[in-house]
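No lab work stands behind these numbers, since they all come straight from the coordinates. This structure is a prediction, so every number in the text was calculated from the model and none was measured. A quick note on method: Cβ atoms are made from the backbone with ideal geometry, for glycine too, and the neighbour counts reach across all protein chains shown.
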């Protein structure tokens, strides 16, 4: 599912999670049946940024070398459309491309798109890059592990309404952009989906043990913006995974 990146190095939350994973015997890589990872690559003022989602993909065999470009084509078109995100995002924001990683087995390299990058054209300086419009991804099932969020950023002040909320135009552009990712996945022969990895039995607070959780991959059935309040994506490193 779309997610924030881990925090920094040893001694941080990421280090704590790694130590806990070792303690409870979690593997470094677990195969995800019928699953591809889809990465939306950006730069903000030259710094790499990333949105991550997943795709339910049932065809067997190797991936088509053009699969990432197939997804990127409608995404790029939605970004530069007349009422697209580029009209409301700053020139320092670049949509670089799409990458696809096959999670059906270990060691597959990322397949990159081949199309050109596109940039924002909105007037004025950008709002801080942590200021994000949150788009919610829902599936036919309920529960935290069966829904996702995508945080879009790089907006200019004109993306706000007169009350400081996300404007109608910004909401429409953000929803159209994420919908284009879903359409790109369909064009590539799959479905945009929320991945919930398999987990073993694991300790819980204040005590006890959680039961094992089986792997799930659920197609996205609805793309919505639940409210017009700006979200904040706070991270301590240059590469932000939203």
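How many angstrom separate the Cα center of the range 130-204 from the Cα center of the range 66-101?
Computed from Cα coordinates, the inter-centre distance equals 15 Å.
Would you please give the FRET efficiency between residue 228 and residue 106, computed as 1/(1 + (r/R0)^6) with r the Cβ-Cβ distance and R0 = 51 Å, to the nearest 0.05?
With R0 = 51 Å, the Cβ-Cβ based efficiency is 0.75.
I need the Kirkwood Rh of the range 145-242: take the reciprocal of the average 1/r across all distinct C-alpha pairs and report it in angstrom.
Working: mean 1/r = 0.0603 Å⁻¹.
The answer is 16.6 Å.
To the nearest 10 degrees, how steep is helix 168-187 against the longest Cα principal axis of the chain, on a 0 to 90 scale?
50 degrees
Rounded to the nearest 0.05, what FRET efficiency is calculated for residue 58 and residue 198 with R0 set to 22 Å and r the Cβ-Cβ distance?
0.75
Rounded, prolate or oblate: which one fits the range 32-237, using the alpha carbon gyration tensor with axes a ≥ b ≥ c (rounded when a/c is under 1.5, else prolate when a/b beats b/c, else oblate)?
On the way: a/c = 1.92, a/b = 1.32, b/c = 1.45.
Oblate shape, in that a/c is at least 1.5 and b/c is the bigger or equal ratio.
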